[in-house]
Amino acid sequence: MPSVLILIMGTVVVAYAQTPTSDSESAEQYDEAEAYNIDSMIMCPVCPAETIDQAQVPIARQMKQIVRDKLAAGESREAILEYFVERYGQNILAAPPKRGFNLVAWLLPVVVLIGSLVLAILALRSMKQKEVLRDMADDSELEPYLEVVDDILLNSTIEPATQDKASINPIQSGDNPNHG
Amino acid sequence: MGDLGSITLWLALVLSSYSMVGSLLGKLLKARALLESARKTVYLLVLVIGVSTASLVASFITRDFEISYVAEHSNLAMDNIYTWVAFYAGNEGSLLYIAFVLSIMSAIAVISAPDKLKPSLPFAIAIMMVVLTFFLGVMAWMANPFDKLPIIPIDGEGINPLLTHFGMFFHPPALMAGLIGITIPTAFAIGSILGKQTADEWMDVGRIWGLFIWALLASGLLLGSWWAYTILGWGGFWFWDPVENAAFMPWLVLTAFIHSIMVQKRRGMFRMWNIAIINIAFSLALYGMFMNRGGPVPSVHSFGASTLGWIFLLFLAFGTLVPFAIFFWRFNLLKSSRSLESMISREAAFIMNNLLLLGIAFVTLWGTVYPLISRLITQQEITVARPFYDQVNGPIFLALILLMGIGPLVPWRQANISALLKALIWPFSGAFILIGLLLLLGINEVYPLIGYGIGTVVAAGIGMEWIRGSCLRKRTFGENYVVAFVRLIGANRPRYGGYIVHLAVVMVMLGVLGASFFNVQKDVVLAMGESAEVGDYEIEYVDAKTQSRSDRIAYLTELRVYRGGTYLETMTARREFYPSFNMAATRAAIKSTPVEDFYVVPSENMPDGSVGVRILINPMIWWMWVAGPLFIMGTVVALWPERRTSSALSDVAQLA
């Protein structure tokens with residue numbers, strides 16, 4: 001079974017290596033997929049909470065055209081986004097930039113999630129230890145009762161059922177078993 | 001009519017206050033007669049608020065424009081069928097709707113409460129009545145649906161055109177009912193603490209109501225997505241809009257609740273945690289109501305803009321502090337008798353499930369709140385929209401769905417690791433095979449590949465259980481496979497109902513991944529007779545019609561659709577412009593197949609006859625809508641009551 005799994009994983013890796021990477025675009029053209037990605041990072045300035053790829057107002061269309069013109073001229077994603085930020089302010093971006101104070105926006109969720117996972121594991125571990133301690137304490141509480149049980153068994157007159165199987169009951173007359 | 005409505009509203013306020021105080025005093029003074037009358041008042045309230053509701057409906061039907069609310073949300077041209085929507089379209093009416101729903105749910109909860117909850121029931125009633133009194137009070141003093149206008153207008157303003165859609169008949173009422181419905185399990189949880197019933201007595205009602213409200217909210221959310229998809233005109237289905245998030249967060253926490261309550265049912269664990277979670281869900285529901293009515297962040301919803309924000313904020317504070325105070329006060333009574341035995345166990349998987357779900361809720365809350373924090377600290381306006389949520393919540397969702405596939409295969413208490421790995425071999429192999437196939441087909445985006453792989457793990461795990469279980473029944477009882485399968489589900493309804501819901505979740509994931517990563521979008525302007533190509537589709541603009549109504553102008557655009565050269569069909573997309581609202585509502589023309597949606601929506605009708613259209617190809621989004629009924633079906637199966645008589649045969653079946 002494990003070997004089958006390795007075989008399958010190997011096939012997957014080989015297949016992935018075979019897939020062609022996206023080809024580069026010529027200087028005159030732009031990659032529509034990249035343009036679409038940038039569109040979804042820029043908010044429409046006049047619509048309530050829409051990005052320019054969602055909005056259908058004239059200004060959104062103009063901004064999309066600017067994005068495509070700049071891409072065709074060879075500008076990078078950062079440069080294009082910076083262009084809009086210069087004119088509209090930081091809140092034209094659909095998500096906080098990943099620098100400065102705004103890193104907090106991105107890192108805090110990660111910290112909280114990992115932190116709560118660690119807390120949960122620690123809390124559960126301590127619950128487990130308490131349970132183990134309690135089990136041990138239970139045994140000592142049962143001591144006197146176990147001794148009574150031993151007495152009854154010692155004084156019992158019932159014979160073991162079979163002799164050929166290994167005897168399950170180790171208590172025999174005269175024995176004084178040790179319960180520690 | 002309006003006067004009757006107003007009078008019954010005030011009467012209801014008096015009655016709910018009486019029931020609330022009476023329940024508490026009756027418990028304090030041990031006065032049975034008082035408790036009895038406070039309980040019966042809960043039933044009476046349904047009637048009284050019902051009359052108030054009916055009089056508002058009647059005012060709509062008779063177009064009584066003297067009542068301000070009726071004049072704002074209807075007009076003479078409105079079809080009567082939209083009365084249902086107009087009722088809850090605005091702030092005041094939706095408050096009345098919420099009060100009515102809460103009164104009905106409270107009455108059902110009280111009348112069906114099991115006998116073992118008798119010590120806690122008065123406290124639970126008091127809590128339900130506190131919430132009801134709040135809503136009735138807000139209506140009576142601040143937002144009366146029956147307020148009158150000094151001069152009766154000749155015609156009303158009409159209903160918001162965005163609401164005249166099939167989805168709007170169910171989406172807002174389902175969501176509002178779901179959000180207020182969280183009051184019921186919360187009331188039983190806190191009530192049981194106050195009633196000193198701190199074992200697992202409230203668990204059964206908690207589970208049933210939790211599941212029911214969860215399904216209601218899930219339906220409301222999916223319907224909202226569907227509505228946005230067909231009517232908002234940009235081909236998307238989820239904005240991460242503050243109001244959307246406000247309904248999403250309680251649902252996430254409720255999902256955590258319905259899972260962790262299984263651990264309490266099975267092993268008597270997580271007692272404290274379950275009460276904490278239901279409190280959190282309740283607080284988030286109140287937060288949602290606060291956001292929806294005068295919240296500080298603008299949204300696409302803009303529903304019922306009002307100045308009531310502060311009173312809902314106060315109630316949010318009250319509804320959070322009081323339950324948690326009670327929780328911490330009686331904290332030590334709630335300790336479970338058992339604890340976790342192993343980190344690799346079903347219990348631990350449920351803990352992980354809760355962590356991930358609460359994590360998503362936290363991220364969503366954080367995204368809604370961060371702009372305010374940024375404004376406070378850096379004086380800078382920052383937007384937090386789709387890209388943030390997609391990037392941060394996306395991986396958590398994937399991890400959650402992976403857990404959904406593995407979790408059901410992990411035994412309770414302690415798992416034998418090698419046995420667990422053996423059980424996982426087939427699902428994971430299936431996942432890798434699928435990923436390999438997709439790669440060969442040319443799909444190489446990492447996210448969807450991982451997502452589809454995880455979906456395979458879940459589906460394979462469920463499929464294997466079903467096949468194994470059916471085969472076992474066939475061997476044991478001699479049933480054929482179909483009968484065995486049906487009886488298998490019937491024999492363990494919570495488990496298999498849950499599996500159906502898990503499959504629905506995978507279907508939603510299919511739709512979301514397909515439409516998000518593989519969609520194609522094109523905006524074009526077409527003159528009459530012109531064609532445009534998108535993907536391997538071609539559309540030709542062939543006809544335009546204009547229809548005038550008293551309150552709107554409808555532009556119909558007829559398009560012939562070809563695919564790979566062959567004619568498919570003629571679709572009609574429409575755009576309706578409402579001058580009095582200065583708003584347009586669109587109906588996209590959608591050709592929907594399980595493989596992809598071909599979606600055309602007009603964005604502008606030019607004076608020269610040409611039309612601006614947006615064309616979208618959305619792969620696999622069909623699966624998301626089909627998942628909706630499956631969610632409901634799974635919940636119904638999980639909640640379907642089992643016959644009490646348990647025979648040896650059904651015990652054997654339970655092992656399957």
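Out of the residues in segment B:345-390 meeting the condition of being in contact with a helix residue (DSSP H, G or I) (Cβ under 6 Å, 6 or more places away or on another chain) and among the charged types (D, E, K, R), tell me which one is nearest to the other protein chains (Cβ to nearest Cβ). Looking at residues that are in contact with a helix residue (DSSP H, G or I) (Cβ under 6 Å, 6 or more places away or on another chain) and among the charged types (D, E, K, R), I get B:E381. Where helices (runs of 4 or more DSSP H) sit wholly within segment B:32-138, none has at least 2 residues that are of a type in the set (D, E) and more than 29 Å from the chain's Cα centre (by Cα).
The sole residue among B:I417, B:I433, B:I396 that is surrounded by fewer than 20 Cβ atoms within 10 Å (Cβ to Cβ) and either modelled with pLDDT under 90 or closer than 14 Å to B:A349 by Cβ (or both) is B:I417. Total residues in segment B:471-493 satisfying the condition of being in contact (Cβ under 8 Å) with a residue 24 or more places away in the chain and either crowded, with 16+ Cβ neighbours inside 10 Å or not in a helix (DSSP H, G or I) (or both): the figure is 8.
Condition check ((1) over 19 Å from the mean Cα position of the chain (by Cα); (2) open to solvent by 30 Å² or more (accessible area, probe 1.4 Å); (3) modelled with pLDDT under 95; (4) hydrophobic (A, V, I, L, M, F, W, C)) across all residues:
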{"position": "B:E604", "(1), (2), (3), (4)": "yes, yes, yes, no"}
{"position": "B:R614", "(1), (2), (3), (4)": "yes, no, yes, no"}
{"position": "B:I617", "(1), (2), (3), (4)": "yes, no, yes, yes"}
{"position": "B:M620", "(1), (2), (3), (4)": "yes, yes, yes, yes"}
{"position": "B:W625", "(1), (2), (3), (4)": "no, yes, yes, yes"}
{"position": "B:G628", "(1), (2), (3), (4)": "no, no, yes, no"}
{"position": "B:A638", "(1), (2), (3), (4)": "no, no, yes, yes"}
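Inside segment B:7-28, can you point out the residues that are under 30 Å from B:D64 (Cβ atoms) and surrounded by 20 or more Cβ atoms within 10 Å (Cβ to Cβ)? B:T8, B:L9, B:A12, B:L13, B:L15, B:S16 - these are the residues of segment B:7-28 that are under 30 Å from B:D64 (Cβ atoms) and surrounded by 20 or more Cβ atoms within 10 Å (Cβ to Cβ). Test B:Y447 against the criterion of being more than 10 Å from every other protein chain (Cβ to nearest Cβ), among the hydroxyl-bearing types (S, T, Y) and open to solvent by 40 Å² or more (accessible area, probe 1.4 Å), and give yes or no. It is true that B:Y447 is more than 10 Å from every other protein chain (Cβ to nearest Cβ), among the hydroxyl-bearing types (S, T, Y) and open to solvent by 40 Å² or more (accessible area, probe 1.4 Å). Among the criteria (1) under 30 Å from B:Q391 (Cβ atoms); (2) open to solvent by less than 50 Å² (accessible area, probe 1.4 Å); (3) not acidic (D, E), the one B:A527 does not fulfil is (1).
Criterion applied to B:L355, B:L340, B:L365 was being at pLDDT 90 or above, farther than 30 Å from B:H73 by Cα and open to solvent by less than 50 Å² (accessible area, probe 1.4 Å), and the one residue passing it is B:L355.
Each row is one residue, and each column tells you yes or no for (1) surrounded by 13 or more Cβ atoms within 10 Å (Cβ to Cβ); (2) away from chain B (no Cβ under 13 Å); (3) at pLDDT 90 or above.
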| position | (1), (2), (3) |
| --- | --- |
| A:Q56 | yes, no, no |
| A:A60 | yes, no, no |
| A:I66 | yes, yes, yes |
| A:K70 | yes, yes, yes |
| A:A79 | no, yes, yes |
| A:Y83 | yes, yes, yes |
| A:E86 | no, yes, yes |
| A:P96 | yes, no, yes |
| A:L108 | yes, no, yes |
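In this structure, does B:V205 turn out to be among the β-branched types (V, I, T) and touching an Asp or Glu at 6+ places or on another chain (Cβ under 6 Å)? Against the criterion (among the β-branched types (V, I, T) and touching an Asp or Glu at 6+ places or on another chain (Cβ under 6 Å)), B:V205 does not qualify. A search for C-beta distances below 6 Å between a residue of segment B:29-58 that is open to solvent by less than 10 Å² (accessible area, probe 1.4 Å) and any residue that is β-branched (V, I, T), counting only pairs 6+ apart in sequence or on different chains, returns B:V42/B:V110; B:S52/B:T8.
The values are calculated or read from the model by the stated rules, or taken from the named source; none is laboratory data. As the structure is a prediction and not an experimental result, all values here were calculated from the model. Using ideal geometry, Cβ is built from the backbone for each residue, glycine included, and neighbour counts are taken over all protein chains shown. For the accessible areas, the whole protein counts, side chains as well, though only heavy atoms, and no ligand, DNA or RNA atoms are used. Shrake-Rupley method; radii C 1.70, N 1.55, O 1.52, S 1.80 Å.
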